[in-house]
Amino acid sequence: MKRSLIITVILLAATAFGRAQCPDFTDLTAPGVTCYYGLFANPFQNTGVMEEHHAMITTQGTDPYTYHQLPLLPPGESAVVKLGSHAAGGEAEAIEYQFSVDPNYSVLLVKFAVVLQDPNHLPSEQPRFVMRILNADGQLVDACAEYDVRAGADIPGFVSAGDIRWRPWTDVGFDLTEFAGQTVTVQFVTYDCAFEAHFGYAYFTASCVSNHLVVSDCDGQNITFIAPSGYTSYDWNNGDTAAVSTYPIGNTTTSASCQLTSAIGCQFTLSGTVMASGLPTEDATFYDTICEGDSYHEHLFDLPPQTTPGTIRVTNTFYNASDCSGSDVTYTLYLTVEQKYTEYFDFACQGEDYEKYGFTYTNLQPGSFTDTIFSVGSAGCDTLFTILHLTVSTLEWVPTVIQGTTTTCDYEETSYLVVSGNLSFFQWLVPSGVSVINGDETPNMSLYFTETAPNPAVVSLVADNGCHLDTVSLTVYHYPMYHQFYQDTICGGNGYDGHGFHISVQNTTGSQIFMNHHTTIHGCDSVDILQLWIKGSPAVATVANPSEICEGDSTTIMAVGDMDNSVPLPPTPRPVAPGDILCTDGSVVQPSMWPCGKTAMGVVFWVDDTGEHGWAMHLQVQAPGIAWGASANLSNVDYDNSRATMYDTNGYANTLAMRNNSMNYIAGAVDFDNGWYIPAMGQLRAIYTEESVVNATLQMLGGTILFPPVMYGTNLWSSSEMDTHFAWYMGSNGGINYQHKNYLSTMFLDRMRVRSIRNF
């Protein structure tokens with residue numbers, strides 16, 4: 001609700017915007033100033049200055065998180081406060097300033113800038129900056145005394161780059177005139193996001209400026225007024241729209257008024273009267289009533305049309321037109337603005353009788369109409385209008401078709417829409433195996449199908465027009481995406497032909513990934529993935545010492561490799577192989593040698609060229625039925641398609657990034673400090689390749705086998721991100737797909753597992 005307030009004009013020099021009874025907002029140790037810090041749920045949990053969270057900035061520079069586009073100091077200021085920091089820990093900070101409002105300087109002018117990350121959270125969970133005014137009882141003054149700047153809010157003036165939003169230096173004014181002489185508390189509060197993953201901080205300073213139209217110039221012919229700065233718009237009664245306006249002084253009376261609108265959308269009016277003669281000689285108080293939308297021109301008050309119902313207190317001070325000298329006489333007006341137009345919007349069903357707000361109808365028929373009742377108001381408002389907008393719905397509604405594709409691929413986001421009309425309730429119904437991403441209670445829904453969904457699947461919408469529930473359905477066919485994974489080995493200098501791959505000669509040893517991308521007849525992905533191990537060609541010769549012997553004599557034969565000295569060939573040990581047992585002492589034991597008095601720690605599933613190093617998986621599942629957590633972009637690499645993610649074998653680095661962001665729940669479920677981490681997708685594919693031999697060892701050791709045969713199958717989370725909101729997982733069929741990191745479907749989470757791995 002907007003407030004109207006009339007403030008008198010006084011004669012002051014342009015430089016007289018004082019600071020009386022106003023604190024120095026950059027002095028955090030002054031009396032009446034209290035610093036707080038805590039968490040998102042309670043910024044006032046602890047008292048005291050927290051280093052780097054309550055800071056005074058006195059040197060000009062630029063903020064690095066705005067690509068150095070935001071100056072640290074606004075024009076005209078030599079110091080500001082920085083509240084909050086770029087550390088994302090679910091933290092919140094506050095500063096309170098308690099002071100008495102000076103009657104002549106009761107407009108609080110705040111200069112602020114904010115830097116906020118913009119995650120995909122609810123508005124109540126977003127990083128934010130709040131300014132508010134509390135009265136002596138600690139209560140919020142009114143709706144015009146709080147300004148809440150949130151990362152995801154649609155507030156004009158923001159600049160965006162990626163997930164960072166910042167608002168350049170902005171002025172905002174708060175009118176405290178009604179609290180003149182009283183103690184108020186001004187609060188500034190910053191918040192990170194609720195999930196400890198995104199930061200928010202602000203820069204600010206404030207001052208107290210005059211609550212009057214200041215007379216900056218008066219020569220007997222013209223008078224120039226200045227309104228307080230910090231407002232988004234100025235509407236003078238002479239048509240000017242700047243903060244300064246000049247009026248000609250007439251022969252009798254000159255009335256000036258300016259309606260100011262703050263950044264919050266609240267309004268108040270400043271006005272005053274300059275008279276050539278007949279200045280009042282004593283104070284007077286008047287009570288009067290006008291109708292909403294009427295102006296007022298009585299008792300030497302000259303007020304513009306009043307649009308806000310209620311009672312306002314208006315004062316007027318008078319000045320001599322010859323020299324603009326002020327009079328000590330003040331007129332006070334208590335003006336009641338009576339609401340003229342009262343509108344109601346209502347709903348009814350066909351055949352009903354209706355009796356509300358003074359309107360009476362029987363046997364209503366479908367349609368929409370508007371009706372008006374005229375009545376007599378008080379002396380200030382001769383005619384009142386009560387307006388009713390009534391919508392009457394049928395007892396049945398014929399739903400339109402669901403708009404959207406009838407064929408799609410599994411795990412591809414698909415949107416469906418129903419044109420709502422007058423529908424008031426929506427509930428989408430989808431079969432098992434179909435996951436709703438968002439919009440399940442709106443006319444527009446996004447979902448995806450999985451391989452477990454029936455085919456065809458029927459998607460339905462139950463909706464209500466207020467009188468009747470009905471359903472509309474759409475049949476959708478969904479088709480799978482295929483990902484076949486192969487491993488093979490060749491020697492350097494050879495090409496490869498197999499599994500549909502035709503690869504030229506390879507001379508670089510190591511592991512290479514090759515992919516053939518196809519499309520099914522239904523337009524879905526069909527990808528063949530080959531992990532090809534290229535081995536170095538042997539270059540070994542043998543020598544005998546002596547090189548010539550007689551029959552019956554003996555000689556020593558040695559093998560000589562490229563660039564090597566001649567050494568005897570050592571006994572050839574059995575190399576480590578998938579399915580072997582990694583023990584707590586670091587040794588690897590063959591299953592055929594178990595038990596051997598050692599303690600098993602994991603099962604080997606991949607070995608490098610040396611046969612001595614590789615990866616082993618944990619005996620047990622670490623985190624059954626758990627999601628990553630809220631959305632956050634943790635890595636510098638986004639694997640935005642199933643082909644690219646196959647290259648990711650950086651599970652250790654991925655898990656480290658997840659741990660550094662404590663809102664990612666699954667990262668805390670693995671024993672990272674002792675070497676265990678969540679495998680990346682390339683590592684999960686290696687696990688899948690060795691499923692049979694690994695499961696045999698797991699069963700022998702009493703571990704949890706891979707992909708136990710539960711309903712709908714089991715999936716393993718990888719540590720590979722798709723983007724800010726989605727991550728990849730591998731299913732029991734070897735296919736890889738993605739899911740929202742914070743997806744909380746019970747059915748889906750019951751299928752998710754985390755199996756950690758470690759290097760050996």
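Bear in mind that the values in this text are calculations on the coordinates, not laboratory data. Predicted model, so just to flag it, every value in this text is computed and none were measured. Note that we place each Cβ from the backbone using ideal geometry, even for glycine, and neighbour counts take in every protein chain shown.
Details
- Evaluated at q = 0.16, 0.21 Å⁻¹: base-10 log I(q)/I(0), Debye formula over Cα of the stretch 482-535: -0.48, -0.72
- Sorting 332-343, 650-661 by average packing, meaning the other beta carbons within 10 Å per residue, from highest down gives 650-661, 332-343.
- Direction-averaged projected area, Cα convex hull, the chain: 50.3 nm², rounded to one decimal.
- Across the stretch 18-209, the relative contact order, built from alpha-carbon pairs under 8 Å that are at least six residues apart, equals 32 percent.
- The chain, helix-only ellipticity at 222 nm - DSSP H runs n ≥ 4, -39,500 (n - 2.57), divided by all residues, nearest 500: -1500 deg cm²/dmol
- Rg of the Cα atoms in the stretch 217-338, relative to 2.2 N^0.38 Å, amounts to 1.07.
- The chain: relative contact order in percent, alpha carbon pairs under 8 Å with at least 6 residues between: 8
- Of the peptides 209-218, 462-471, 715-724, the order by per-residue mean of other Cβ atoms within 10 Å, starting with the highest, comes out as 715-724, 209-218, 462-471.
- Report note on the peptides 234-241, 495-502, 185-192: ranked by the mean count of other C-beta atoms within 10 Å, highest first, their order is 185-192, 234-241, 495-502.
- Over the stretch 144-209, relative contact order from alpha-carbon pairs under 8 Å, at least 6 apart, %: 15
- Sorting Leu461, Leu384 from the fewest to the most surrounding beta carbons within 10 angstrom yields Leu384, Leu461.
- Net +/- balance of residues flanking Pro31 in space, Cβ distance below 14 Å, scoring K and R +1, D and E -1: -3
- Counting only cysteine Cβ atoms and a cutoff under 4.7 Å, the chain contains unmatched residues Cys35, Cys193, Cys258, Cys491, Cys550, Cys583, Cys596.
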